[in-house]
Amino acid sequence: MDSGIGLLAAAAAMRRLRPDADLVLSSDPDGMPWGPRTPEDLSGRALVVARAAAAHRPDALVVACNTATVHALPAVRAELEPGIPVIGTVPAIKPAAAAGGRVAIWATPATTGSTYQRGLIRDFAAGAHVTEVPCPGLADAVEYADEAAVARAVAAAAALTPPDVTDVVLGCTHYELVEGAIREALARRTGGAALVYHGSAAPVALQALRRLGVGPEPELPRTGGLTVLASGRPAELPAAALG
(Lines give C-alpha, C1' and ligand atoms only; values in the text may rest on other atoms or scores of the structure.)
Protein backbone atom coordinates (compact mmCIF):
# COMPACT_ATOMS: atom_id res chain seq x y z
CA MET A 1 0.00 0.00 0.00
CA ASP A 2 1.01 3.59 -0.69
CA SER A 3 -0.56 6.89 -1.59
CA GLY A 4 0.29 6.26 -5.24
CA ILE A 5 2.65 4.44 -7.58
CA GLY A 6 5.58 4.49 -5.17
CA LEU A 7 4.50 0.98 -4.19
CA LEU A 8 5.66 -0.28 -7.59
CA ALA A 9 9.29 -0.46 -6.46
CA ALA A 10 8.45 -2.86 -3.62
CA ALA A 11 5.99 -4.77 -5.80
CA ALA A 12 8.63 -5.26 -8.49
CA ALA A 13 11.15 -6.42 -5.88
CA MET A 14 8.65 -8.92 -4.51
CA ARG A 15 7.81 -10.14 -8.01
CA ARG A 16 11.52 -10.75 -8.68
CA LEU A 17 11.95 -12.64 -5.40
CA ARG A 18 8.68 -14.60 -5.57
CA PRO A 19 7.21 -14.66 -9.09
CA ASP A 20 4.50 -16.97 -7.75
CA ALA A 21 3.16 -14.40 -5.27
CA ASP A 22 -0.29 -12.90 -5.76
CA LEU A 23 0.04 -9.12 -5.30
CA VAL A 24 -2.62 -6.65 -4.19
CA LEU A 25 -1.64 -3.03 -4.90
CA SER A 26 -3.71 -0.60 -2.85
CA SER A 27 -3.23 3.13 -3.37
CA ASP A 28 -5.14 6.34 -2.73
CA PRO A 29 -5.49 8.55 -5.82
CA ASP A 30 -8.46 10.29 -4.21
CA GLY A 31 -6.40 11.39 -1.22
CA MET A 32 -2.88 11.84 -2.51
CA PRO A 33 -0.49 13.47 -1.93
CA TRP A 34 -0.21 12.34 1.67
CA GLY A 35 2.90 14.34 2.46
CA PRO A 36 1.21 17.73 3.10
CA ARG A 37 -1.49 16.19 5.33
CA THR A 38 -1.44 16.36 9.11
CA PRO A 39 -0.28 13.15 10.81
CA GLU A 40 -3.84 12.46 11.96
CA ASP A 41 -5.32 13.01 8.50
CA LEU A 42 -2.59 10.94 6.87
CA SER A 43 -3.23 8.09 9.30
CA GLY A 44 -6.90 8.17 8.41
CA ARG A 45 -6.18 7.93 4.69
CA ALA A 46 -3.66 5.16 5.26
CA LEU A 47 -6.18 3.16 7.26
CA VAL A 48 -8.71 3.39 4.42
CA VAL A 49 -6.12 2.00 2.00
CA ALA A 50 -4.98 -0.67 4.45
CA ARG A 51 -8.54 -1.84 5.09
CA ALA A 52 -9.17 -2.14 1.35
CA ALA A 53 -6.10 -4.35 1.02
CA ALA A 54 -6.95 -6.34 4.15
CA ALA A 55 -10.35 -7.22 2.70
CA HIS A 56 -8.47 -9.43 0.24
CA ARG A 57 -7.04 -11.39 3.19
CA PRO A 58 -3.35 -11.04 2.32
CA ASP A 59 -0.67 -13.00 4.15
CA ALA A 60 1.15 -9.72 4.86
CA LEU A 61 0.76 -6.00 4.23
CA VAL A 62 3.71 -3.86 3.16
CA VAL A 63 3.36 -0.15 3.90
CA ALA A 64 5.44 0.79 0.85
CA CYS A 65 5.63 4.46 1.78
CA ASN A 66 8.19 6.15 3.98
CA THR A 67 5.89 9.01 4.98
CA ALA A 68 3.06 6.64 5.91
CA THR A 69 5.49 4.51 7.89
CA VAL A 70 6.61 7.59 9.82
CA HIS A 71 3.11 8.77 10.68
CA ALA A 72 0.63 5.89 10.29
CA LEU A 73 2.41 2.59 10.92
CA PRO A 74 1.34 2.30 14.59
CA ALA A 75 -2.31 2.88 13.66
CA VAL A 76 -2.24 0.33 10.83
CA ARG A 77 -0.52 -2.26 13.00
CA ALA A 78 -2.94 -1.67 15.86
CA GLU A 79 -5.87 -2.43 13.56
CA LEU A 80 -4.51 -5.36 11.53
CA GLU A 81 -1.98 -7.23 13.64
CA PRO A 82 -1.59 -9.97 14.68
CA GLY A 83 -3.94 -11.31 12.01
CA ILE A 84 -1.99 -9.67 9.18
CA PRO A 85 1.71 -8.87 9.67
CA VAL A 86 2.41 -5.25 8.72
CA ILE A 87 5.85 -4.33 7.38
CA GLY A 88 6.91 -0.70 7.26
CA THR A 89 9.40 0.96 4.93
CA VAL A 90 12.42 2.36 6.73
CA PRO A 91 14.90 4.61 4.90
CA ALA A 92 18.13 2.68 4.35
CA ILE A 93 20.10 4.92 6.69
CA LYS A 94 21.84 2.11 8.58
CA PRO A 95 23.57 0.49 5.57
CA ALA A 96 24.31 3.88 4.04
CA ALA A 97 26.07 5.05 7.19
CA ALA A 98 27.91 1.80 7.89
CA ALA A 99 31.11 2.94 6.16
CA GLY A 100 31.13 6.25 8.02
CA GLY A 101 31.00 8.35 4.87
CA ARG A 102 29.03 11.45 3.94
CA VAL A 103 25.37 10.53 3.55
CA ALA A 104 22.56 12.49 1.90
CA ILE A 105 19.01 11.42 2.71
CA TRP A 106 16.54 12.50 0.03
CA ALA A 107 13.01 12.45 1.47
CA THR A 108 9.68 14.23 1.35
CA PRO A 109 9.34 17.42 3.39
CA ALA A 110 7.05 15.50 5.79
CA THR A 111 9.76 12.94 6.51
CA THR A 112 12.75 15.28 6.44
CA GLY A 113 13.46 16.52 9.93
CA SER A 114 10.78 14.27 11.47
CA THR A 115 11.34 12.80 14.90
CA TYR A 116 11.28 9.37 13.28
CA GLN A 117 14.02 10.08 10.76
CA ARG A 118 16.12 11.98 13.28
CA GLY A 119 15.86 8.93 15.55
CA LEU A 120 17.17 6.66 12.79
CA ILE A 121 20.05 9.04 12.20
CA ARG A 122 20.85 9.11 15.92
CA ASP A 123 20.65 5.35 16.31
CA PHE A 124 22.37 4.20 13.12
CA ALA A 125 24.41 7.04 11.67
CA ALA A 126 26.42 8.41 14.57
CA GLY A 127 29.67 7.71 12.72
CA ALA A 128 28.66 9.39 9.47
CA HIS A 129 28.15 12.96 8.32
CA VAL A 130 24.46 13.18 7.38
CA THR A 131 22.62 15.81 5.35
CA GLU A 132 18.83 15.68 5.18
CA VAL A 133 17.64 16.83 1.74
CA PRO A 134 13.95 17.74 1.38
CA CYS A 135 12.53 17.10 -2.09
CA PRO A 136 9.28 19.09 -2.38
CA GLY A 137 7.17 18.13 -5.36
CA LEU A 138 9.29 15.18 -6.49
CA ALA A 139 6.89 12.42 -5.42
CA ASP A 140 3.97 14.22 -7.09
CA ALA A 141 5.97 14.71 -10.29
CA VAL A 142 6.80 11.00 -10.37
CA GLU A 143 3.19 10.08 -9.67
CA TYR A 144 1.94 11.99 -12.70
CA ALA A 145 4.90 11.11 -14.96
CA ASP A 146 5.65 14.82 -15.38
CA GLU A 147 9.19 14.64 -16.71
CA ALA A 148 9.76 18.40 -16.63
CA ALA A 149 8.60 18.62 -13.01
CA VAL A 150 10.76 15.61 -12.11
CA ALA A 151 13.77 17.35 -13.65
CA ARG A 152 13.09 20.58 -11.73
CA ALA A 153 12.57 18.81 -8.39
CA VAL A 154 15.64 16.61 -8.85
CA ALA A 155 17.78 19.61 -9.80
CA ALA A 156 16.62 21.52 -6.72
CA ALA A 157 17.39 18.59 -4.42
CA ALA A 158 20.76 18.01 -6.09
CA ALA A 159 21.67 21.63 -5.41
CA LEU A 160 21.08 21.00 -1.69
CA THR A 161 23.24 17.86 -1.71
CA PRO A 162 26.88 18.34 -0.62
CA PRO A 163 29.21 17.79 -3.58
CA ASP A 164 31.45 15.52 -1.48
CA VAL A 165 28.64 13.08 -0.62
CA THR A 166 29.51 9.37 -0.81
CA ASP A 167 26.13 7.68 -0.22
CA VAL A 168 22.58 8.65 -1.15
CA VAL A 169 19.50 7.29 0.63
CA LEU A 170 16.36 7.34 -1.51
CA GLY A 171 14.01 7.97 1.38
CA CYS A 172 10.74 7.90 -0.56
CA THR A 173 9.56 4.91 -2.54
CA HIS A 174 8.61 7.15 -5.48
CA TYR A 175 12.23 8.23 -5.87
CA GLU A 176 13.40 4.73 -6.72
CA LEU A 177 11.28 4.97 -9.88
CA VAL A 178 13.41 7.90 -11.16
CA GLU A 179 16.77 6.77 -9.82
CA GLY A 180 18.32 7.26 -13.23
CA ALA A 181 17.46 10.96 -13.28
CA ILE A 182 18.77 11.36 -9.73
CA ARG A 183 22.02 9.64 -10.63
CA GLU A 184 22.53 11.93 -13.62
CA ALA A 185 21.88 15.09 -11.60
CA LEU A 186 24.21 14.06 -8.79
CA ALA A 187 26.90 12.98 -11.22
CA ARG A 188 26.96 16.57 -12.45
CA ARG A 189 26.91 17.86 -8.87
CA THR A 190 29.77 15.65 -7.67
CA GLY A 191 31.93 15.74 -10.78
CA GLY A 192 31.15 12.17 -11.69
CA ALA A 193 32.09 10.64 -8.33
CA ALA A 194 31.01 7.02 -7.85
CA LEU A 195 28.18 7.31 -5.34
CA VAL A 196 26.42 4.42 -3.61
CA TYR A 197 22.62 4.53 -3.75
CA HIS A 198 20.46 2.91 -1.06
CA GLY A 199 16.78 2.13 -1.69
CA SER A 200 14.25 0.31 0.45
CA ALA A 201 12.32 -1.85 -2.02
CA ALA A 202 14.43 -5.00 -1.96
CA PRO A 203 15.08 -4.99 1.83
CA VAL A 204 11.37 -4.47 2.53
CA ALA A 205 10.38 -7.33 0.22
CA LEU A 206 12.89 -9.60 1.93
CA GLN A 207 11.62 -8.57 5.37
CA ALA A 208 8.05 -9.39 4.32
CA LEU A 209 9.14 -12.86 3.26
CA ARG A 210 11.00 -13.35 6.55
CA ARG A 211 7.88 -12.36 8.50
CA LEU A 212 6.00 -15.06 6.59
CA GLY A 213 8.69 -17.66 7.21
CA VAL A 214 9.45 -18.20 3.55
CA GLY A 215 12.46 -17.44 1.39
CA PRO A 216 13.13 -15.99 -2.04
CA GLU A 217 12.59 -18.40 -4.92
CA PRO A 218 13.16 -16.26 -8.01
CA GLU A 219 13.37 -19.30 -10.28
CA LEU A 220 9.71 -20.23 -9.77
CA PRO A 221 7.27 -19.80 -12.68
CA ARG A 222 5.70 -16.36 -12.91
CA THR A 223 2.21 -17.43 -11.95
CA GLY A 224 1.37 -14.70 -9.42
CA GLY A 225 -1.76 -12.67 -9.97
CA LEU A 226 -2.29 -8.91 -9.68
CA THR A 227 -5.14 -6.99 -8.07
CA VAL A 228 -5.19 -3.19 -8.19
CA LEU A 229 -7.23 -1.02 -5.82
CA ALA A 230 -7.64 2.75 -6.12
CA SER A 231 -8.99 4.31 -2.92
CA GLY A 232 -10.70 0.98 -2.26
CA ARG A 233 -12.16 0.53 -5.73
CA PRO A 234 -11.11 -2.15 -8.25
CA ALA A 235 -8.89 -0.47 -10.83
CA GLU A 236 -6.17 -0.86 -13.42
CA LEU A 237 -2.61 0.38 -13.13
CA PRO A 238 -2.46 4.05 -14.18
CA ALA A 239 -0.70 4.98 -17.40
CA ALA A 240 2.16 6.53 -15.41
CA ALA A 241 2.85 3.13 -13.86
CA LEU A 242 3.25 1.50 -17.25
CA GLY A 243 5.85 3.94 -18.56
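Worth pointing out:
- With an a/c value of 1.5 or above and a/b not larger than b/c for the gyration tensor axes a ≥ b ≥ c computed over the alpha-carbon atoms, the range 25-170 is described as oblate.
- Cα centroids of the range 130-194 and the range 1-74: 23 Å apart.
- Among 171-177, 199-205, the order from most to least packed when residues are scored by Cβ within 10 Å on average: 171-177, 199-205
- Of all accessible heavy-atom area on the range 77-190, the percent that carbon and sulfur account for (1.4 Å): 56 percent
- The trypsin sites (Lys or Arg not before Pro) found in the range 3-50 include none that occupy coil by DSSP while having at most 14 further C-beta atoms within 10 Å.
- A simple packing score, the average count of other Cβ atoms within 10 Å per residue, orders the peptides 217-227, 156-166 as 156-166, 217-227, with the highest score first.
- Here the range 11-64 has 51 percent of its accessible surface on carbon and sulfur atoms, given a 1.4 Å probe and all protein chains in place.
- Degrees between helix 147-159 axis and first principal axis of the chain (Cα, 0 to 90, nearest 10): 50 degrees
- 0 to 90° range, to nearest 10: angle between helix 201-212 axis and the chain longest Cα axis: 40 degrees
- Taking every protein chain into account, the accessible area of the chain amounts to 45 square angstrom per residue (probe 1.4 Å).
- Relative to the dominant Cα principal axis of the chain, helix 115-124 is inclined by about 70°.
- Computed E for Asp22/Ala98 - FRET, C-beta separation, R0 51 angstrom, nearest 0.05: 0.90
The values are calculated or read from the model by the stated rules, or taken from the named source; none is laboratory data. Treat the numbers as computed from the prediction; the structure is a model and nothing was measured. A quick note on method: Cβ atoms are made from the backbone with ideal geometry, for glycine too, and the neighbour counts reach across all protein chains shown. Each accessible area value is taken on the protein alone, full model and side chains, heavy atoms only, with ligands, DNA and RNA left out. Shrake-Rupley method; radii C 1.70, N 1.55, O 1.52, S 1.80 Å.
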